[in-house]
C-alpha cells in the first residue's frame, strides 16, 4: 500500500498541546518515519503551504515516507487529487484524512480512504508489535543488586 496523508488534517487529530505547530509537525513526521521504516511502508505526507526556509523536506533524502509542501495557493486536498490523476494503479493507494470533501472525491475515483483515527490506531498497534519483537535489554533489579554488592566489596577492599 502507498499512503497519501493529508498532513495538517492528520496533525490536528494527533494534537499535542503545549507545543508549537512546527514542533508537533516534526514530532509527528519523525514518529511516522520511524514506523514506516520499521514496517517497510511507503507514503507521502502533504502539508498545505509552500516549503519554508529552515524546514526539512522529505524529498531531499531517501525515506519510505516523503514530505511535500504544496505550492502557494494550492491546498493539500488539491495536491492529493492532482497526484491521483497522474497514477495508473490506484488500487494500492490509501488516502488518510477526515476531510469529508476529499473523502467523497477519493471515493468517486475508487481510491481507498482511511480515517485519521483508524490509521493512527493501526500504526500504534504495529509500533507495539515491533517493540515486543525487539525487547529492550536491561538488567533486572536482582542483577543490579548483585553487581552493587560486588562493587561495594571491591571498593572496601581497595580502600582498606
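The values are calculated or read from the model by the stated rules, or taken from the named source; none is laboratory data. In this text the structure is predicted, and so the values were computed from the model without any measurement. All Cβ positions, glycine included, derive from the backbone under ideal geometry; neighbour counts span all protein chains shown.
Some observations on this one:
- Residue within the range 130-153 that is within 26 Å of residue 36 (Cα to Cα), surrounded by 10 or more Cβ atoms within 10 Å (Cβ to Cβ) and modelled with pLDDT under 90 present: yes
- Top-ranked residue in the range 1-24 [being at pLDDT 90 or above and in a helix (DSSP H, G or I); ranked as farthest from residue 90 (Cα to Cα)]: 11
- Among the residues of the range 92-108, those that are loosely packed, with under 15 Cβ neighbours inside 10 Å and free of Cβ contacts under 8 Å to residues at least 12 places away in the same chain comprise 100, 104, 107, 108.
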